[in-house]
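Data block below; observations after.
The values are calculated or read from the model by the stated rules, or taken from the named source; none is laboratory data. These numbers were taken from a predicted model, which means no experiment stands behind them. Note: ideal-geometry Cβ built from the backbone for every residue, glycine included; neighbour counts use all protein chains shown. Side chains are part of the model used for accessible areas, which takes the heavy atoms of the whole protein and leaves out ligands, DNA and RNA. Shrake-Rupley method; radii C 1.70, N 1.55, O 1.52, S 1.80 Å.
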Amino acid sequence: MRLLLTALCMLYGASLFAQNKTISIDTKNSSLVFAVGKNERLYQVYFGRKTAGTDYTKFKTTHEAYIGGGLDDWFEPALRMVHNDGNPSLELHYQSHTSTGNADSIQTDIVLKDPAYPVEVVLHFTAFPNEDVIKAWSTISHNEKKPVVLSQYASALLHFDADQYWLTQFHGDWAKEMNMEESRLTNGIHIIDSKLGTRADFYRAPLFFLSLNQPSTENTGELIAGTLAWTGNFRFAFEIDRLNSLRVLPGINNYASDYTLQPGETFTTPAFIYTYSNAGKGQASRNLHKWARNYAVLDGNQPRLTLLNNWEATEMNFNENILSGLFDQTKQLGVDMFLLDDGWFGNNHPRNGDTAGLGDWQPNKAKLPNGIGHLVQEATAKGVKFGIWLEPEMVNPKSDLYNKHPDWILRLPNRQEHLERNQLVLDLTNPQVQDFVYHIVADLLDENKDIAYIKWDCNRPMTNTYSPYLKQQQSHLYIDYTRGLYKVFERVRAKYPHLPIMLCSGGGGRTDYGALKYFTEFWPSDNTDPLERIFIQWGYSYFFPANTIAAHVTNWGKQSLKFKTDVAMMDKLGYDIKVSDFTAKELQFSQQAIANYKRLSEVIWKGDLYRLVSPYDNQRAVVMYVNDDKTKAVLFNYHLYPRRAEVFYNVTLQGLDPNKQYHVKETNLFPGTQSHNAANDKVYSGAYLMNIGFNPSNGGTPEVLSSHVFEITAE
Ligand code: GLA
């Protein structure tokens, strides 16, 4: 078995390299090393566990760092360019490199040039040593006489050498997002991609684990976890070549997207973010969570607002009176904010269903005669914050906007409009449309300074893929749409840098670090049945920290309110339920649960996540979070459908301090019930809990769809 990632090519021998010089991208535990060949091309000579004192220039390798298409390579290139004279090849020679930064993040830029054409490619890497994360992207520019055409443009290229490669990918559909699937890569090329444009992540999420030699587990195995920071079509290509080497090419999907690059213009690819772990998927997730909170998610280390949403309770049937009652319920429940969902706008085409009104962002006079300002004031007077739903990139044909600006809509000439959810996508490649979308958000916020939150929705993928604005350059549409969207996000954030905004796309259609830079959280799925949510939230937990994963208690599912609440508390808790239907005990339970969550959320949001028992392998799921100084942990235990004869044993905890004494306390109990857990209210050492553990299910006959929450506190 080959042990290290680039082992095949590490036959120690005479140097192939021109200069005994290497460029090393180092994190705490990993190194990615490049060297310049005698032919002046740049090679990846190593990627894997950091190994001090190694002379990498003695390694033999043919792994070119960023392969230009059309030359001597036989497999998938990183970059394919047709020059202005029609020459479809690219050769890249090393020119120079620089490194700048500090102990927390170091950026290395490696400049490559084509010896025959004025083309420059810069490979950029930011290493985050403490989190063991690397961010890699490239910039492509030229000074040829006429434009060049790019038809492939990977963000990065990584080479691996192992006996076997195991890929874990996540697929789904509406209300069934993030199903995990692991399979061995076989010869040939394997693509995970999206062609959905606006709602790019609906069927496949832009992320993966790649395990070397054998499938990795939660705590064992050598792997990378990778994801692309891009809110549009993505493509990950995994190709095994004739020597059983694997190349991984992440980037924007080049499907229908030849890009014409003008002289002097720069094409910047989105960042590929990855982390290396030789201790399984759990470590990779913890690395990404830390990195995300510190660098990638808006206000990643700041508190989140708990909320009551009205979507499940009222859908679009509400008025000022009903909302006023819901403000009272928000207060009574004890959450921070009321979130007004879809249905508040449109006059000539009132938004009373999903067939009309999108695009006309004026408050509906029949439902809200006193406008949004009145609602904000009333909520504020009642002691709750006010948030509001928007879907600003879309239009219903039944709207004033559609009639006024037909040229602002993506639609194919000579074809019937293809509607989904009765709506069409606005043409965000057009700066005028960007301006319109920006003003929907900015004007609403300017007029109502106390709006505390926005839910930014996007409820259809892109078809009718034709931009009236781009005219002859339709192959820029997918890319320029996403860039246009980012311009709008940038402008909103320049004006409102810290307003919490939820990223939503009918559920998990937008779940990527390209957007999360501008958002505080995302809506993982419209499916809020807690049994389903255990799996969906489990899936997202591999790549996103708990404070970004919105989880609401709703009427979906027939489980107890406690089970629903315990599942939502695992991530960012909210409610979307008729509080007025609660019994007195249910209300009391919920108020107490919210108070518990306020006490525990710091650990849940910022702690290290340990997935202890997987619902994929068991009829039980157990996760725990441990804070940085290991003084507090929270453990969630969920029973799925155990058989009567099934016995649940002790669970050994992780991440505690072996030398500390911990008090174990079951919390979130329903009023009138008590903990029967043998460990409840007892004190154990961290060593005991991590070696012998305790049984959160407490033995006996396991009850289906039941749950337990434990607060574990150092004495
Ligand atoms: C999408 C969202 C829901 C809700 C509706 C409103 O489906 O995911 O949460 O906001 O739109 O139309």
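When region 685-702 is limited to residues that are touching a residue at least 12 places away in the same chain (Cβ under 8 Å) and at positive phi, the one that is least open to solvent (accessible area, probe 1.4 Å) turns out to be 693. Selection of region 443-464 for residues being of a type in the set (Val, Ile, Thr), farther than 19 Å from residue 396 by Cβ and away from the ligand (no atom under 13 Å from the Cβ) yields only 451.
Applying a threshold of 8 Å to beta carbon distances and a minimum spacing of six or more residues, or different chains, the list of pairs starting in region 268-297 at a residue that is under 15 Å from residue 229 (Cα atoms) and in contact (Cβ under 8 Å) with a residue 60 or more places away in the chain and ending at one that is among the acidic types (Asp, Glu) and surrounded by fewer than 22 Cβ atoms within 10 Å (Cβ to Cβ) reads 289/608. In region 516-534, the residues that are farther than 27 Å from residue 273 by Cβ reach residues that are more than 11 Å from the ligand (Cβ to nearest atom) and not in a helix (DSSP H, G or I) with C-beta atoms within less than 6 angstrom, at least six apart or across chains, in these pairs: 528/556; 529/556; 529/557; 530/557; 530/559. Of all residues in region 315-362, those satisfying the criterion of being open to solvent by less than 40 Å² (accessible area, probe 1.4 Å), farther than 13 Å from residue 399 by Cα, of a type outside the set (Gly, Ala, Ser) and not in a loop (DSSP other than H, G, I, E, B) are 320, 323, 326, 327, 329, 330, 333, 337, 338, 339, 340. One residue stands out among those in region 618-659 that are open to solvent by 60 Å² or more (accessible area, probe 1.4 Å) and charged (D, E, K, R): the one that is nearest to residue 289 (Cα to Cα), which is 628. Scanning region 290-332 for residues that are under 25 Å from residue 515 (Cα atoms), of a type in the set (Phe, Trp, Tyr) and within 16 Å of the ligand (Cβ to nearest atom) turns up just one, 311. Taking region 506-621 and the helices (runs of 4 or more DSSP H) fully enclosed by it, the elements with 1 or more residues that are more than 16 Å from the ligand (Cβ to nearest atom), of a type in the set (Asp, Glu) and at pLDDT 95 or above are at 561-569, 584-606. When every residue of region 22-31 is checked against the conditions, at least one turns out to be crowded, with 20+ Cβ neighbours inside 10 Å and touching a helix residue (DSSP H, G or I) at 6+ places or on another chain (Cβ under 6 Å).
Considering only residues in region 78-101 that are under 34 Å from the mean Cα position of the chain (by Cα) and over 28 Å from residue 128 (Cβ atoms), the one that is surrounded by the fewest Cβ atoms within 10 Å (Cβ to Cβ) turns out to be 82. Has region 491-507 got at least one residue that is closer than 15 Å to residue 519 by Cβ and hydroxyl-bearing (Ser, Thr, Tyr)? Yes - at least one qualifying residue is present in region 491-507.
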